[in-house]
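S.K.: The structure follows.
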Amino acid sequence: MSDTLSTTRMLSDIPDLESRTVPEDHHDLRLWLRMLTCCNLIESDIRTRLRTEYQTTLPRFDLMAQLLRVPGGMKMSELSQHMMVTNGNITGITDQLEREGLVERVKVATDRRSSLIRLTSKGKRTFKKMAQSHEQWVQSMFSGVSEKSRAALFEALGELKLVTQARMARRDTRA
């Protein structure tokens, strides 16, 4: 099967939420669905590349990224909070990475029930290779968009993020 045909089939498996709209739909709804579709496409591409080039998953990549930022290690509960997933998910991923020698569990001297998870030397080397590729992939995904458009998109999404955070904060204070 050709690469083009294979890519076309993979892309058709990704929900194009925007295609479900009609011109009469509210512009904000169409914008939101376009953003979701773009996120789905980008995430799918990254997941596929991680799987094919590094035989790993996005959650494993994300966990290793968190650990690289905190060289002393993190507790499972901290990883769970940072990654916004359950402790059970973190435990499963950590078990896999530990079996492969990419992370290690270190007992906390002040709390015998807790362990810190940290990258091993092998884990740091492996993650740095993946992170370098990841950065190149993301750059290539945006290479077809002009610098001016990327800057405008960055500013517009930043504004949306601030407005949304403020709205959520106001809602939370009323609850």
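Every number here is computed from the coordinates shown, using simple stated rules; none is lab data. Computed from a predicted structure; not experimentally measured. Glycine also receives a Cβ, built like all others from the backbone with ideal geometry; neighbour counts cover every protein chain displayed.
S.K.: Given the residues Thr110, Thr126, Thr164, Thr173, which is the only one that is in contact with a helix residue (DSSP H, G or I) (Cβ under 9 Å, 6 or more places away or on another chain) and among the polar types (S, T, N, Q)? Please lay out each step first, then the result.
M.R.: Working: Thr110 fails: in contact with a helix residue (DSSP H, G or I) (Cβ under 9 Å, 6 or more places away or on another chain); Thr164 fails: in contact with a helix residue (DSSP H, G or I) (Cβ under 9 Å, 6 or more places away or on another chain); Thr173 fails: in contact with a helix residue (DSSP H, G or I) (Cβ under 9 Å, 6 or more places away or on another chain).
Only one candidate qualifies: Thr126.
S.K.: Scan the stretch 61-89 and report the pairs whose first residue is hydrophobic (A, V, I, L, M, F, W, C) and whose second residue is loosely packed, with under 15 Cβ neighbours inside 10 Å and not in a helix (DSSP H, G or I), with Cβ atoms within less than 9 Å and a gap of 6+ or a chain change.
M.R.: That search, which allows pairs on different chains as well, returns Met76/Ser114.
S.K.: Moving to a separate point now. Out of the residues in the stretch 38-93 that are among the aliphatic types (A, V, I, L, M) and under 16 Å from Val138 (Cα atoms), which is surrounded by the most Cβ atoms within 10 Å (Cβ to Cβ)?
M.R.: Applying the filter and picking the extreme gives Leu50.
S.K.: Going by the structure shown, is Ser115 under 19 Å from the mean Cα position of the chain (by Cα) and either in contact (Cβ under 8 Å) with a residue 12 or more places away in the chain or under 26 Å from Met64 (Cβ atoms) (or both)?
M.R.: Working: under 19 Å from the mean Cα position of the chain (by Cα): no; either in contact (Cβ under 8 Å) with a residue 12 or more places away in the chain or under 26 Å from Met64 (Cβ atoms) (or both): yes.
No: the conditions fail for Ser115.
S.K.: Here are Met130, Met168: which of them is hydrophobic (A, V, I, L, M, F, W, C) and surrounded by fewer than 13 Cβ atoms within 10 Å (Cβ to Cβ)?
M.R.: After applying the criteria, what remains is Met168.
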